[in-house]
Amino acid sequence: MTDLYTRFVANVLFPLQEKVKHHDTVRVRREMESSQWWSRERIDALQLERLKRLLRDAGSHVPYYRELFAGLGFNPEGVRSVEDLQGLPFLTKAIIREHSDEMRADDAVGLARMNTGGSSGEPLIFFIGTERVTHDVAAKWRATRWWDVDIGDREVVVWGSPIELGTQDKVRMLRDRIMRTELLSAFEMSDARVDEFIARIRAARPKMLFGYPSAISHIAARAEKHDVRVDDLGVKVVFVTSERLYDHQRETIERVFGCPVANGYGGRDAGFIAHQCPAGSMHITAEDIVVEIVDPEGRVLPAGESGEIVVTHLASRGYPFIRYRTGDIGVISDVPCACGRGLPVLSEIQGRSTDFVVAMDGTVLHGLSLIYILRDIPAVKAFKVIQESVEHTRVQIVAGADFSSQDEDQIVGGLRRRLGAAVRVDVDRVERIPAERSGKFRYIVSHVGSGAHGHQERGCAAADR
C-alpha cells in the first residue's frame, strides 16, 4: 500500500517540479494510463494522427527535412498510414553529426543538448525539446506504476552515466533526498565498494532498484556469496535497462532479492521504447513511438521476424528523430498480451548488432554462443570477448586461483569450434574488466561488420533518467 509520503511526492512535489520545468508530465501520464487500455486499432489511429502532425511540422520548420522532402517529392499531407514512412530514408548517427544544425526546427525553443555514452565509439550529440522530455518521463512513470510502486517510494539507483554522476551538487542531492532516491556509482565495482553498496541497500530498504543488469546481478551475487540477505528488505521490483538482460542475470537478481525483474528498453537518442509489464510482455510506447523492424537491405519485416529496430519518436518536433536506426536487433509480436493492454509488444530484444560475431565462413552468431563457453568454466570469474577481425579474437579474463592451462585450452578450443579452426584466439589475464566509459558492461564487442544485421552505428541503449 502506498504510504502518505509517497502520495505527497507523486501527487504534489513531483508535479510541482515538472510544472516549474514547463513539463506537462502529469497530464501526459494520465492520458497514457487511459490509452494503454485502448484497442490496438484505436492506438494505431492515435499514432497515425501524431505521425502526420510530426511530418507536417518537420517539412515546414526543419531545414534538413524540408530539403529532404522536396528532393523526394514527399508530401506529408499525403500520408495515409504508418507504412507511408517507408517512402523516407533512414536517419543515422552519421547524418545527425553531418546535419546537426539543420536538424533543429526553426521555431524550436528550449532545446537541451544531449549525448549518448559513446560505448560504440564517438558519442552522438543531439538536442531534445520540452515535449520530448515530458513524454519520455511520462512513459517511464507509467511503466513504474505498473508494478505498484511510484515516484516517492524509496529507490536505489545503480548507474554510471557521467550525465547523472556529474550533477550531484547540493541542489540535486537535496532533490534526491526529498524524492527518496539514492544513487550508487556503477563505475566502481570493487569488492569493497560492492560490500558498501549492499550495506547501503540494506539500510535504505528500498521498494525498488533501478540500474544496469550487470551491476545489480553482480551486487546480488556478492551478497549471496557472503550470506547477506537482501530478500527481507521489502523490494517489490528491480528495474533494469541499458544493457541486454541475460537469463542468468534475471535468475540471480530475482532469487537473491526475492522480487521480479522488470526489463526496460530505450535510449537517450531513441527515447523510452518499451517496458515489461507484470504479465511479462515488453510493451512499446506506441502513443509516442513508431517501431519498424528492417532487414539488412532496409526492407520492413513482418511480425515474428528478426531485424534491426528503427524508431520514429512522435514527440521529437524540435529535433525530429524519424526512421532512426538504433543498431539493435529485435522482433515484434502480433500476439496481444494477457494483461489486456492494447500496446504492441516487442517479443525479443536480442541486443546490438555488435553483440553478434562473425565466423570465418561468414556465419553470424549471437554473442551468447561464446558467452556460454566461458560461463561454464568455474575458474573464470569475469570475462570479455573482443572480436578484432574474422581471423583474430581476444578474450580478457579475471582468473581464479585454480585457473589452469586446461581451462585456457577449453576457451581457445571452444571459440575455435564456433568461429573457425584457423582463428587466432588470445587469452589475456587481467585483474579486472573495466566498464565502458558510460559505466555499462559489455560481454561481447565485435569490430567485424555483420552482413546479417548490417548497421552498427548505435552503442548500448541507455534509458534516460
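The values are calculated or read from the model by the stated rules, or taken from the named source; none is laboratory data. Fair warning: this is a prediction, and the values are worked out from it, not measured in the lab. When we count neighbours, we look across all protein chains shown, and the Cβ atoms used for this are built from the backbone with ideal geometry, even at glycine. Just so you know, the surface numbers come from the protein's heavy atoms only, side chains and all, with ligands and any DNA or RNA stripped out. Shrake-Rupley method; radii C 1.70, N 1.55, O 1.52, S 1.80 Å.
Miscellaneous remarks
- Search result, residues across the range 4-20 that are free of Cβ contacts under 8 Å to residues at least 24 places away in the same chain and either open to solvent by 60 Å² or more (accessible area, probe 1.4 Å) or of a type in the set (A, V, I, L, M) (or both): Leu4, Asn11, Val12, Leu16, Lys19, Val20
- Restricting the range 212-244 to residues that are hydroxyl-bearing (Ser, Thr, Tyr) and open to solvent by 10 Å² or more (accessible area, probe 1.4 Å), the residue that is nearest to Val133 (Cα to Cα): Ser214
- Helices (runs of 4 or more DSSP H) within the range 1-82 that include 2 or more residues more than 27 Å from Ile293 (Cα to Cα) and under 27 Å from the mean Cα position of the chain (by Cα): 14-20, 25-35
- Scanning the range 403-419 for residues that are in contact (Cβ under 8 Å) with a residue 24 or more places away in the chain and farther than 20 Å from Val445 by Cβ yields a total of 4.
- Among the residues of the range 347-355, at least one is buried (at least 20 other Cβ atoms within 10 Å of the Cβ) and charged (D, E, K, R).
- The set of residues in the range 379-392 that are touching a residue at least 24 places away in the same chain (Cβ under 8 Å) and out of contact with any helix residue (DSSP H, G or I) (no Cβ under 6 Å at 6 or more places or on another chain) comprises Ala382, Lys384, Ile386, Gln387, Glu388, Ser389, Val390, Glu391, His392.
- Options Ser333, Ser316, Ser306: the member that is at pLDDT 95 or above, among the polar types (S, T, N, Q) and open to solvent by 10 Å² or more (accessible area, probe 1.4 Å): Ser333
- Per-region count, the range 264-293, residues part of a strand (DSSP E or B) and either out of contact with any Pro (no Cβ under 8 Å at 6 or more places or on another chain) or in contact (Cβ under 8 Å) with a residue 60 or more places away in the chain (or both): 17
- Asp247 vs. criteria surrounded by fewer than 20 Cβ atoms within 10 Å (Cβ to Cβ) and of a type in the set (D, E, K, R): yes
- Residue ID - modelled with the lowest pLDDT, chosen from residues in the range 120-137 that are open to solvent by less than 20 Å² (accessible area, probe 1.4 Å) and farther than 9 Å from Gly318 by Cβ: Leu124
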